[in-house]
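Everything on this sheet refers to the single structure shown next.
Bear in mind these aren't lab numbers, they're just calculated from the coordinates by the rules spelled out. Note that this is a predicted model, so its numbers are computed, not measured. Here the Cβ positions follow ideal geometry from the backbone for every residue, glycine too, while neighbour counts run over all protein chains shown.
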Amino acid sequence: MSNTKLVLLRHGESEWNKKNLFTGWHDIKLTKEGKIEAKQAGKILKENNFKFDYAYTSVLNRAICTLWLILNKLDQLWIPVKKTWRLNERHYGKLQGINKNEAIKKFGKEQVKQWRRSFNIAPPPLSMDDYRWSRFDFKYSKLEDYQLPLSESLSTTLKRVMYVWNNYISNKITNGERIIIVAHGNSLRALIKYIENINDKDIVNLNIATGIPIVYEFNNSLNYINKYYLNN
């Protein structure tokens with residue numbers, strides 16, 4: 001069997017990306033530029049003859065719409081799509097909705113870098129009566145409180161992402177099925193950390209651009225043997 005390809009893609013630019021705000025689980029829409037990025041990603045995938053058997057995304061608007069625009073460009077809207085909160089962006093706790101530059105002024109550049117990039121350090125948590133907590137969002141009404149974070153580190157984000165990988169995705173890749181995952185900067189950083197076995201220290205340096213497909217090729221043993229980006 002030939003190598004199986006997995007495509008990872010961070011959603012296009014969102015309204016809060018543009019405003020330089022911490023977004024996390026806040027459900028924000030794509031900008032005009034973000035929609036263009038998504039369509040361009042679909043165009044590049046089409047030019048490279050990519051076809052998919054399954055798609056996975058989060059339950060957040062910016063990721064869902066990015067995936068829809070890509071599949072529309074590929075004329076593959078018919079494929080099965082699983083939406084799951086476990087692929088959401090990491091939860092930024094009390095930082096959600098705050099401008100990143102303002103956070104640096106208040107807390108210091110190094111502290112904010114640790115909150116954003118480190119593996120084990122989570123931002124300050126929300127209180128359970130904070131309106132920003134996901135318990136007050138209908139889309140999470142069937143989840144238990146313990147499943148709804150008040151803040152997350154990358155390590156806790158990895159745990160929920162790995163649930164999706166182990167229960168849904170890995171067997172499909174082993175069986176040669178072609179998958180695209182459209183998610184978020186940190187849920188994808190977590191998955192890439194696992195795939196590439198990046199250590200806790202080096203993961204600080206990994207950043208993922210919006211709208212650029214990342215292609216992984218796996219052998220029959222589910223070991224990745226190649227990685228490349230598709231861009232102009």
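Table for the structure above
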{"read-out": "Verdict on Glu47 being over 19 Å from the mean Cα position of the chain (by Cα) and over 24 Å from Leu158 (Cα atoms)", "value": "yes"}
{"read-out": "Number of positions in region 67-84 that are buried (at least 17 other Cβ atoms within 10 Å of the Cβ) and assigned to a helix (DSSP H, G or I)", "value": "7"}
{"read-out": "Unique residue being more than 21 Å from the chain's Cα centre (by Cα), of a type outside the set (D, E, K, R) and surrounded by 16 or more Cβ atoms within 10 Å (Cβ to Cβ) when the list is Phe107, Phe119, Phe52", "value": "Phe107"}
{"read-out": "Selection count, region 124-152, where residues are free of Cβ contacts under 8 Å to residues at least 60 places away in the same chain, more than 14 Å from Thr84 (Cα to Cα), assigned to a loop (DSSP other than H, G, I, E, B) and of a type in the set (Ser, Thr, Tyr)", "value": "2"}
{"read-out": "Only listed residue being part of a helix (DSSP H, G or I), surrounded by 15 or more Cβ atoms within 10 Å (Cβ to Cβ) and free of Cβ contacts under 8 Å to residues at least 60 places away in the same chain, chosen from Ser155, Ser187", "value": "Ser155"}
{"read-out": "Test result for Ser170, without any contact (Cβ under 8 Å) to a residue 60 or more places away in the chain and closer than 20 Å to Val81 by Cα", "value": "yes"}
